[in-house]
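What follows is a set of notes on a single structure, which appears directly below.
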Amino acid sequence: MAVSNWKADGEAMCPYRLVLEHVTSRWGVLVLIALKERPYRFSELRRAIGRVSEKMLTQTLQTLERDGLVHRDAHPVIPPRVDYSLTDLGREAAEQVAALAGWTEHRMDAVLEARETYDRSRTQDRPPRAQAAEKART
């Protein structure tokens, strides 16, 4: 999981920020939302999320498991079977993350409009020479 490399003293100084980073990371959000629906085996979860490497998914699951958000259930069978599900704490976090994701989806038109407005204002504020150089690059 792409998280800060804080040492133990940094984690002790501000532990909630590290957990927030885990929960809101690129893959943490998607893992929590997917597991909110149902438990998954590793390969199923990877397919459900899409575009995540095995390494990143493994790191994300381990981090969320350490934080008490994900439960890993390894079955002693051949071939090995491991199921991942949310703990009660993980379900609570997933609800919050899903609400934020829903808000993002619901308000995407407003975000796109704001971006266009910002981009137009930045273009108008730039000297003509810079505008010409930008046009030449595109």
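The values are calculated or read from the model by the stated rules, or taken from the named source; none is laboratory data. These figures come from a predicted structure and were not determined experimentally. Cβ coordinates were reconstructed from backbone atoms using ideal geometry, including for glycine residues, and neighbour counts include every protein chain displayed. Accessible surface is based on the protein model in full, side chains and every heavy atom, while ligands, DNA and RNA are left aside. Shrake-Rupley method; radii C 1.70, N 1.55, O 1.52, S 1.80 Å.
Can you tell me how many residues in region 45-58 are open to solvent by less than 60 Å² (accessible area, probe 1.4 Å) and either of a type outside the set (G, A, S) or assigned to a strand (DSSP E or B) (or both)?
So the count comes out to 6.
Kindly evaluate T104 against the criterion of being within 18 Å of the chain's Cα centre (by Cα) and among the polar types (S, T, N, Q).
yes
Please tell me if E113 is without any contact (Cβ under 8 Å) to a residue 12 or more places away in the chain, part of a helix (DSSP H, G or I), farther than 20 Å from V23 by Cβ and charged (D, E, K, R).
So E113 fits the description; yes.
Take the conditions open to solvent by 30 Å² or more (accessible area, probe 1.4 Å), touching a residue at least 12 places away in the same chain (Cβ under 8 Å) and hydrophobic (A, V, I, L, M, F, W, C) and apply them to L69. Does it pass?
no
Filter region 28-48 down to the residues that are in contact with a Ser or Thr (Cβ under 9 Å, 6 or more places away or on another chain) and within 22 Å of E95 (Cβ to Cβ) and list them by number.
Residues satisfying the conditions are G28, L30, V31, L35, R38, P39, Y40.
For S4, only one of the following conditions fails: (1) open to solvent by less than 60 Å² (accessible area, probe 1.4 Å); (2) at pLDDT 95 or above. What is its number?
(2)
Within region 120-133, does at least one residue satisfy the condition of being at pLDDT 90 or above, small (G, A, S), under 30 Å from R66 (Cβ atoms) and in a helix (DSSP H, G or I)?
No; the residues of region 120-133 include none that is at pLDDT 90 or above, small (G, A, S), under 30 Å from R66 (Cβ atoms) and in a helix (DSSP H, G or I).
L64: in contact with a Ser or Thr (Cβ under 7 Å, 6 or more places away or on another chain), under 26 Å from P15 (Cβ atoms) and open to solvent by less than 30 Å² (accessible area, probe 1.4 Å), yes or no?
no
Of everything in region 35-44, what is farther than 18 Å from V23 by Cα, surrounded by fewer than 16 Cβ atoms within 10 Å (Cβ to Cβ) and not charged (D, E, K, R)? Give them in sequence order.
Hit for region 35-44 is S43, nothing else.
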